[in-house]
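Here's the structure, in structure tokens; my notes come after.
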Amino acid sequence: MAIELQTNKGLITIELEAQKAPKSVDNFTRYVKAGHYDNTVFHRVIDGFMIQGGGFPTRTPVNNEADNGLKNVIGTVAMARTNDPNSATSQFFINLVNNDFLDFRSKTPAGWGYTVFGKITAGMDVVNRIAKSRTGFVG
């Protein structure tokens, strides 16, 4: 299953990995269908690392599925979370480079990693344009 993310920089197509990350894909698609990501902002942009978007309000967190074999490599989409491995809600990030330190290593607080649930199949140029954007406070 693929979804299209329309941004002010262009269109991004994300192929979702429902077989390997069913809870995360279900969570993400429920937010999509509810219009949660309409007019969302990529509020955390770190060129050479990742771009992160999402927002509030959120629903109940989903369990971490980072032990699914998918890796945080360039162009993959993963769930953002707090230090609690099972705290992912609506925020997600797109890897701009291979970030293997974010991958699952063990079922310990420090080893859980971040659940990859999709990959960019079109629009990586758009992702890279977003990565070059300035962010900051307005108002």
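Taken together, the values in this text are just the output of simple stated rules run on the coordinates, not laboratory data. Everything quoted here is computed from the prediction, not taken from an experiment. Every residue, glycine among them, receives a Cβ derived from its backbone with ideal geometry; neighbour counts consider all protein chains shown.
Under 5 Å from the amide H of M50 lie the amide H atoms of L96, each residue being 5 or more positions distant or on a separate chain, with H modelled from the backbone and absent for Pro and chain starts. Relative to the longest principal axis of the Cα atoms of the chain, the long axis of helix 22-33 makes an angle of roughly 30 degrees.
Using a cut-off of 28 Å between Cα atoms, the listed pairs K23/K107; K20/K132; K23/K132 include K20/K132; K23/K132 as exceeding that distance. With a cut-off of 12 Å on the backbone N, the residues of segment 27-57 near the modelled label site 7 Å out from M1 along Cα-Cβ are 27-34. Sparsely packed loop sites in segment 78-139 (the trypsin sites (Lys or Arg not before Pro) outside DSSP H, G, I, E and B with at most 11 other Cβ atoms within 10 Å) comprise K107, K132, R134. Per-residue ellipticity at 222 nm, computed for the chain from helices alone with -39500 (n - 2.57) per DSSP H run of at least four residues, works out to -4000 deg cm²/dmol.
Taking a straight line from the alpha carbon of K71, these aspartates and glutamates sit under 16 Å away, with near neighbours fewer than eight places off in the same chain left out: E15, E17, D100, D103. Distance between the C-alpha centres of segment 44-107 and segment 1-40: 14 Å, rounded to the whole angstrom.
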